[in-house]
1. Based on what the data block shows, is A:Ala337 of a type in the set (A, V, I, L, M, F, W, C) and over 16 Å from the mean Cα position of the chain (by Cα)?
2. Consider the range B:230-253. How many of its residues are assigned to a loop (DSSP other than H, G, I, E, B) and more than 7 Å from chain A (Cβ to nearest Cβ)?
3. Does B:Ala78 satisfy the criteria of being away from chain A (no Cβ under 14 Å), under 22 Å from B:Asn401 (Cα atoms) and touching a Gly at 6+ places or on another chain (Cβ under 7 Å)?
4. Can you pull out every residue in the range B:203-217 that is touching a residue at least 40 places away in the same chain (Cβ under 8 Å) and touching a strand residue (DSSP E or B) at 6+ places or on another chain (Cβ under 7 Å)?
5. For the subset of the range A:133-142 comprising residues that are assigned to a loop (DSSP other than H, G, I, E, B) and more than 7 Å from chain B (Cβ to nearest Cβ), which member is nearest to A:Ser212 (Cα to Cα)?
6. Looking at the range A:357-378, which of its residues are surrounded by fewer than 24 Cβ atoms within 10 Å (Cβ to Cβ) and either assigned to a helix (DSSP H, G or I) or away from chain B (no Cβ under 14 Å) (or both)?
7. If you scan the range B:143-165, which residues turn out to be at the interface with chain A (Cβ under 8 Å from one of its Cβ atoms), part of a helix (DSSP H, G or I) and in contact (Cβ under 8 Å) with a residue 60 or more places away in the chain?
8. Scan the strands (runs of 3 or more DSSP E) fully inside the range A:34-124 and keep the ones with 2 or more residues being under 30 Å from A:His384 (Cα atoms) and touching a residue at least 24 places away in the same chain (Cβ under 8 Å).
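The values are calculated or read from the model by the stated rules, or taken from the named source; none is laboratory data. All values reported here derive from a predicted model rather than from experimental measurement. Here the Cβ positions follow ideal geometry from the backbone for every residue, glycine too, while neighbour counts run over all protein chains shown. For the accessible areas, the whole protein counts, side chains as well, though only heavy atoms, and no ligand, DNA or RNA atoms are used. Shrake-Rupley method; radii C 1.70, N 1.55, O 1.52, S 1.80 Å.
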There are 2 protein chains.
Amino acid sequence: MFAAMGALGLAPTATAATPAFSAPSASDFHLTGRKAAKVVILGGGVAGLVSAYELGKAGYDCTILEPRSRTGGRNFTARAGTEQTDLFGNSQTARFSEGQYMNCGPARLAQWMVTLDYCRELGVPIEVFTNTNADAYIYNESSGMTPGNPVRYRTAKADTYGYVSELLAKATDKGALDQQLTAADQERLLAFLEDWGSIGAKADGFGYTGSSNRGFSTYPGAAGTPGTELAPVPDVSSVFASGVGRYFSFEFEFDQAMLMFQPVGGMDQIPRALTRAVGAQKVKLGCQATGITETGSGVEVSYTDAAGRSRAVTADYCIAAMPPHLLAKLPHNLGSAVQAGLASITPASASKIGLEYRSRWWETDHRIYGGITETDLDLTHIWHPSYGFHGERGVMIGYYNYDTDADRYGRMTPAQREARAVSLGERIYGSKYRTELASSFSQSWRFIPHLEGAWHNLPDNSPDAAVLKPLVEPAGRVLFAGDWLSYMDAWQHGAILSARKAVTALHSRALKS
Amino acid sequence: MFAAMGALGLAPTATAATPAFSAPSASDFHLTGRKAAKVVILGGGVAGLVSAYELGKAGYDCTILEPRSRTGGRNFTARAGTEQTDLFGNSQTARFSEGQYMNCGPARLAQWMVTLDYCRELGVPIEVFTNTNADAYIYNESSGMTPGNPVRYRTAKADTYGYVSELLAKATDKGALDQQLTAADQERLLAFLEDWGSIGAKADGFGYTGSSNRGFSTYPGAAGTPGTELAPVPDVSSVFASGVGRYFSFEFEFDQAMLMFQPVGGMDQIPRALTRAVGAQKVKLGCQATGITETGSGVEVSYTDAAGRSRAVTADYCIAAMPPHLLAKLPHNLGSAVQAGLASITPASASKIGLEYRSRWWETDHRIYGGITETDLDLTHIWHPSYGFHGERGVMIGYYNYDTDADRYGRMTPAQREARAVSLGERIYGSKYRTELASSFSQSWRFIPHLEGAWHNLPDNSPDAAVLKPLVEPAGRVLFAGDWLSYMDAWQHGAILSARKAVTALHSRALKS
């Protein structure tokens, strides 16, 4: 019956494909007699760095203007000594211990993402990012959970899947699905539900009465210690009222399903490696673009350098890989259609705090090694570190939230943010959440100079919206790149593929010009 | 409504408890005026090593007799140069590259397991063991899947959960569950199903028509590349007939749910660290016990040493931490009840092959970074390595099977095993499964000298079966320890807790004697 599985669509493609890409090569110029042109790139984030890196393979003379003191853009890792001042003038210096860090921006990579190919190519070692964990907690205060009483994922899932199985088995047995399913289908469905939901047999009314999947108050041990399953099992009404089930779909989303990965030592190992590959001398840090003029035969970019002096650079081409809403504020002569495209994009907010602890009490006291605790508090997510297991110290992400929550946290002082994060987290984890705290580092992307956003709201929610066409398929010598010009906004994968698209277009044009 | 969540049983214990244990301490003897006794331990597996390690904390003079040339027992890691000869005389030397290894025995640790506490205490670094992966494959040939057309977990799960949601939503909407659920319950259930199963709204009959969770033939990329979802979606009948759902409960079993862990560099880092902590001079390798005599005031153990000479050792106590079915063959004077207990246990079979490849084609071509592929072939499981991502080479576990399959593979020559593993794996992964192979190492535990089993079949499936009482609560100076005397047979957690139980009993008796 599955003889033609490929045709049925169950079969995977052997390779989870990214669009084909041929990096430009110096040999491409042999037939044309031309040579690689000069390119100025605005923004040393991932899109800008990848543009320079790929163009560099063909010998293009690239200059990156980056207003911050480091490359990477939102790919930003805070570790001991990292300084940052937000738009309100709050200045912070991370005081994490050696080896401890937090990824303030992107933090995880799915297996199919092209970002991993750059890790391989550039020799950036990777390790598992612990995106889900059966032993992490769910804490929904609005449905009645009380301080000190979160529920573990494994318990919530066993109960939810158990009752889903019981209800569907009962309905099937009652004949409610006779129109949808043959007798053979029903038999197979019931066999699946009995196993998957750990429910009783037909003789027991398919009842869900708990299972070892829920976890134990004392785990099975030596003879004499068979283990004590968590009990009693809440009724079906309580389980669905608890709202725990809303977190389960995340675990199999196409961009979030485990296994996920991270670079060893911090996400910024990627821009660091790209910067080394490009050549640090090609990156002008502290240089903020102040205007773009297309001259017909080239592009002139004016900028302010690290010393505050007005400067200008000319090139054959420009790749503008800056945040679009900041680009929209820059004087240029690229026309009103370009400006309309840029102005149609607005930034979105996200905010994180890293809390360094003097001990890894979540491992010793809670037996939680990595993973994410989900809450309905305004801190939204709490992340346990994916590295440094069993070490002396560790950095928890005390909140990771979005939108108005992120803006509200961003408007607090760092001390206020820490105080709120601790007071909320304490409800879930108890007193060590406060007493073991060593230091914190926090930021909200809306209020970080030169970035001013975590990701973007696109017109029609699409990079192919009509108003963006002048950016996607630029007519002149200025091309655009960034996650915002992709279907994977907020992901480096999107920034990289957008950069590759710009590189391909530029190179193709350069070969013909 | 969740005000009393703890009482309802949804709340976790803050600590996933293992039974309390106080390691013996030299200070325990101060009041008694006694001093630590001499102990002979039969078997340098995990139970034996932990016994010596914990007794050593109080100054007991321990000697371990281990018949193999290394400690660890079934905790056995094969790497370059590892030699092994099975009961049929098949001799193998692993030819893996530097840094490559396979764990032939235990390979994963759950967060709640006491084994992790020993990793922490002994300084054995750990990393994530990739026990599940949305991008790994399912390959059920008996339900019609054909070579080259496995299905990815993410696809199989999206379809299964999608149809479960559609069917349950339809039945609920039809009133089939009005006896079980209030209107409010039904509303919450439907909201859960719509999100979790990615199904349509009521107006669309709650139909499941696929979702991005299935995966893509081309993943979303830059503008112009929105991505192409895998299609078409198989019908409900095909999905349940495919048998893919049978693998999903594994992912939330109490001992298998992610996150799982492994020691960096091989599972044998645990026995190595224990052996160092105990003191290598206390471990007599190549020494096979040949008899146990309890003398009333002590124990005499006869053995054959590494040179084949008959020797004997006397001690105040003995901990027998050997496989029970081999212990049953040893002459002893411990009585018929002890012998009946030992003889009631039979060994179980498991078998693995490690296939070293010259390239990590599963990462580059299949975008699979770790995890387990499940099959209904006699190889059962295929494991992708959890370490060395993006490295030059890697070791796949080409089969991990049990029972008669393991015995059958074990009776083949190593070359025959490799040939069969490759011919089956090739059906799933294609030609590189054959062409990139560098070397292999394989074994079946039933046929490994001095162990002769992977785990055990216990009477009544319980270490507390009546016939085992003389082993669990021994009357004399010989105590017993091993995973087989626990509710976690086959797990180091069980071996360790059994050892702790024996240590506690021995120390308590020594203090009183």
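1. Details: of a type in the set (A, V, I, L, M, F, W, C): yes; over 16 Å from the mean Cα position of the chain (by Cα): yes.
So A:Ala337 fits the description; yes.
2. Of the residues in the range B:230-253, the ones assigned to a loop (DSSP other than H, G, I, E, B) are B:230-235, B:242-243, B:248, B:253.
When the remaining residues are screened for being more than 7 Å from chain A (Cβ to nearest Cβ), the result is B:235, B:243.
Residues meeting the conditions: 2.
3. Working: away from chain A (no Cβ under 14 Å): yes; under 22 Å from B:Asn401 (Cα atoms): yes; touching a Gly at 6+ places or on another chain (Cβ under 7 Å): yes.
Spelling it out, B:Ala78 is indeed away from chain A (no Cβ under 14 Å), under 22 Å from B:Asn401 (Cα atoms) and touching a Gly at 6+ places or on another chain (Cβ under 7 Å).
4. B:Gly210, B:Arg214, B:Gly215
5. Applying the first criterion (assigned to a loop (DSSP other than H, G, I, E, B)) to the range A:133-142 yields A:133-136, A:140.
Going one step further and asking which of them are more than 7 Å from chain B (Cβ to nearest Cβ), we end up with A:136, A:140.
Working: A:Ala136: 17, A:Asn140: 23 Å.
Step by step, filter the range A:133-142, then rank; the result is A:Ala136.
6. Selection gives A:Tyr357, A:Arg358, A:Trp361, A:Glu363, A:Thr364, A:Leu377, A:Asp378.
7. B:Ser143, B:Arg154, B:Thr155, B:Ala156, B:Lys157, B:Asp159, B:Thr160
8. Values: elements: A:38-42, A:61-66, A:77-79, A:83-85, A:91-93, A:101-103.
Ranges flagged: A:77-79, A:83-85, A:101-103.
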